1. Using alpha carbon centroids, what distance separates the range 20-84 and the range 97-163, in Å?
2. Explain nothing, just compute: Karplus ³J(HN,Hα) = 6.51 cos²θ - 1.76 cosθ + 1.60, θ = phi - 60°, for every residue of the range 61-73 in order, whole Hz, x for Gly and Pro.
3. What's the local net charge at ARG76, with K and R +1, D and E -1, over the other residues with C-beta under 10 Å away?
4. Among 98-110, 118-130, what's the highest-first ranking by average C-beta atoms within 10 angstrom per residue?
5. Treating only the Cβ atoms of Lys and Arg (+1) and Asp and Glu (-1) as charged, compute the dipole magnitude of the chain about its Cα centre; round to the nearest 20 debye.
6. Would the range 38-119 count as rounded, prolate or oblate if I go by the C-alpha gyration tensor, calling it rounded below 1.5 in a/c and otherwise prolate when a/b exceeds b/c, oblate otherwise?
7. Starting at the first residue of the range 168-181, write each ³J(HN,Hα) from the Karplus equation 6.51 cos²θ - 1.76 cosθ + 1.60 with θ = phi - 60°, in whole Hz, x for Gly and Pro.
8. Which shape class applies to the range 13-65: rounded if a/c is under 1.5, otherwise prolate when a/b exceeds b/c and oblate if not, where a ≥ b ≥ c are the square roots of the Cα gyration tensor eigenvalues?
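What follows is calculated from the coordinates using simple rules that are stated; it is not laboratory data. It should be emphasised that the depicted structure is a prediction, and the values quoted were computed from it without experimental measurement. Don't worry about glycine lacking a Cβ; one is built from the backbone with ideal geometry, like all the others, and counts go over all protein chains shown.
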Amino acid sequence: MTPTETIAIIDADIRSGEDELAREQVLARLHAFQDASITPLWVNWLRARADLRVVCMVHDLTRLDDFLIDVLREARGVIGTRAVLSFGGRADINRLLEIPMAANGQLDAANVRIKLAPGRDREAFDAIWGLPDHPQVKPVWLLRTYHGFNADLNMLLFSESHPAINGYITSWLRPVEGLIDTQLCDVIDWHLLASPDQMIQLAERFFEFNREESNG
């Protein structure tokens, strides 16, 4: 990624009883949104609450507030938003390109919020991303999300078996030295907004970032 770009993970709280209306309004506004400063990638429905998560590539941070105010917060039924920014991390390019499969229901997906012990951030990050391949669970990305209150890292996982995700977190992820706590948030549905070309662009940007980081 270039220094001015970031990924924004935006959670929108929905008023009870207006779930479907809010979803329709948010999706309509996102489809109508046309501004080169922000690329909406997808929307998730979250299992923990009847809320939405919008994932965007932000090319100009100065326009993010306008996007939140004019696109998301004006949608009927939205009663609050929280945005977490990531300026870096690691991603598997091949698994990023499997996001359409998850959106079509062929893969289970979950987000894991991870808290790290201060002073052990780099070694814990490297240890998490360097975990051996799991036979059923695929880490898609591991983002640094220090610009938020809930977690230091955000991990996206894919699997063909949801119980395997729980086992991976308990037996593989949580024993990592320097990791303090995890919080699992299941994804129950997707609405993919990005075009195939935009998904490839996202994958290439992360691939370039990883290559630079590994050589640094």
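1. 22 Å
2. 4, 5, 9, 5, 4, 4, 4, 4, 6, 8, 9, 8, 6
3. Net of charged neighbours comes to -2.
4. Details: 98-110: 17.4, 118-130: 14.6.
Result, highest mean Cβ count within 10 Å first: 98-110, 118-130.
5. Numbers: 21 positive and 32 negative charges, 77 e Å.
For the chain, the charge dipole is close to 380 debye.
6. On the way: a/c = 1.44, a/b = 1.21, b/c = 1.19.
Since a/c stays below 1.5, the shape of the range 38-119 is classed as rounded.
7. Listing the rounded values in order: 4, 5, 5, 9, 10, 7, 5, x, 4, 5, x, 8, 8, 7 Hz.
8. Because a/c hits 1.5 or more and a/b exceeds b/c, the range 13-65 counts as prolate.
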